[in-house]
Amino acid sequence: MSGVGTPHDKLFKALLEDPGRAATLVREYLPADIRDRLSDDPPELVDGSFIDEALAGSRSDRLFRAMLRTGQEALIYVLMEHKSSPDPRTPFQLMGYMIRIWERYGEGRRDRLKAVPPIFPLVFYHGLEDWTVPTAIADCLAADADVLAGMRDFRYMLHDLRHIPDERLSSDSASRAGLAALKYVFVADIDVETLAWIIRDLPDDGLFLHQVFEYLLLAFGARREIMHTAAARAKSSEGENLMQTVGEQLRAEGRKAGMVHLTLKALERRFGVVPPHIADHLEAMPVEELDACFDRALTAETLGEVFRAPGSH
């Protein structure tokens, strides 16, 4: 589906762009024996992505530079899997990303490749199915124990958001809300109380509030009544204003990918599998017409009525 990865990617990066929030999450999700070896200085965000362009819609990444208590440098690579089901290629692709990181580290100074910093990979996943993919390359090898004993593996730490209790997602309320939004995005029957809890945990103002609320609106906007109710319960009178403001921003900024995704999602729930050419048709629409098309998608009796201009026969 066109543009599915965009809102997930945006929220994930928003979660980690604040140094304090990033430091909290990195320390909370690293194993204790690694966390205890880090210095007290917050990790430093490193620019750039190491994901293939073809996969950018289904995953996003962040790289941090950190210092160990020994004074040595370390790298923390955080990958977010946006697929609704586990990808068995992940261990191999993750190894490729780590190699690219080390190659960049040695650019212009090949001698640095003789002693590259350790990379601690963290993978976050929020899909519908349980994660069944091995967390180390060695576990993917068809080899007996004697052969495997002579090999070193590169193991990452998986955090399946679906299996983490809400209150343990983070000690920071804003980070907890952002991770909860990612955790519940694929839950079709999400209830008002859960949405209200997520919104209630958000700060009362600021950029991150709008970033998370925009994500929720894109994810659950097809059920406007539940969004209105949840926002009103969480933020009282501010909830309605927030819905209106974010909705206006979505249209004003021309975020058609999100609207196309939302409309297709509504169409699939109403009419089942949607022909592939429908996505192209929606993407070609002006924003105003696309918005009206989305409204018709919520009530139309047939797929044809969604695309029939008002007053036509």
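Mind pulling up the Rg/Rh value for the chain? Radius of gyration and Kirkwood radius, both on Cα. Spell out each step's value before the answer.
Numbers: Rg = 21.9 Å, Rh = 21.5 Å.
The Rg/Rh ratio comes out at 1.02.
Here 261, 228 are placed in order of increasing Cβ neighbour count within 10 Å, fewest first, which gives 228, 261.
Legend: calculated FRET efficiency, residue 200 to residue 224, from the Cβ-Cβ distance at R0 = 22 Å, rounded to 0.05, equals 0.70. By the compact-protein rule of thumb, 2.2 N^0.38 Å, the alpha-carbon radius of gyration of the stretch 256-306 corresponds to a ratio of 0.98. Working from the Cα coordinates of the stretch 35-109, the gyration tensor eigenvalues give, after taking √(5λ), semi-axes of 25, 15, 11 Å in decreasing order.
Going 7 Å from the Cα of residue 107 in the Cα-to-Cβ direction, what parts of the stretch 46-64 have a backbone nitrogen less than 14 Å from that spot? Backbone N within reach: 46-51. For the options 15, 79, 113, a Gaussian network treatment of the chain with springs between C-alpha atoms closer than 10 Å singles out 113 as fluctuating the most. For the pair residue 305 and residue 140, a Förster radius of 45 Å applied to the C-beta separation gives a FRET efficiency near 0.35, rounded to the nearest 0.05.
Each label was represented as a point 7 Å from its Cα along the Cα-to-Cβ direction; for residue 132 and residue 167 these points are 3.3 nm apart.
A straight line joining the Cα centroids of the stretch 32-64 and the stretch 166-184 runs 19 Å.
Based on alpha-carbon positions alone, could you give the equivalent ellipsoid semi-axes of the stretch 5-167 from the gyration tensor, as √(5λ), descending, whole Å? Each step should come with its number before you reach the end.
Working: eigenvalues 104, 97, 58 Å².
They are 23, 22, 17 Å, listed from largest to smallest.
Quick note: the coordinates plus some simple rules give every number you see, no bench work behind them. What you are looking at is a predicted structure, and each value in this text was computed from that prediction instead of being measured. Cβ: placed from backbone, ideal geometry, glycine included. Neighbour counts: every protein chain shown.
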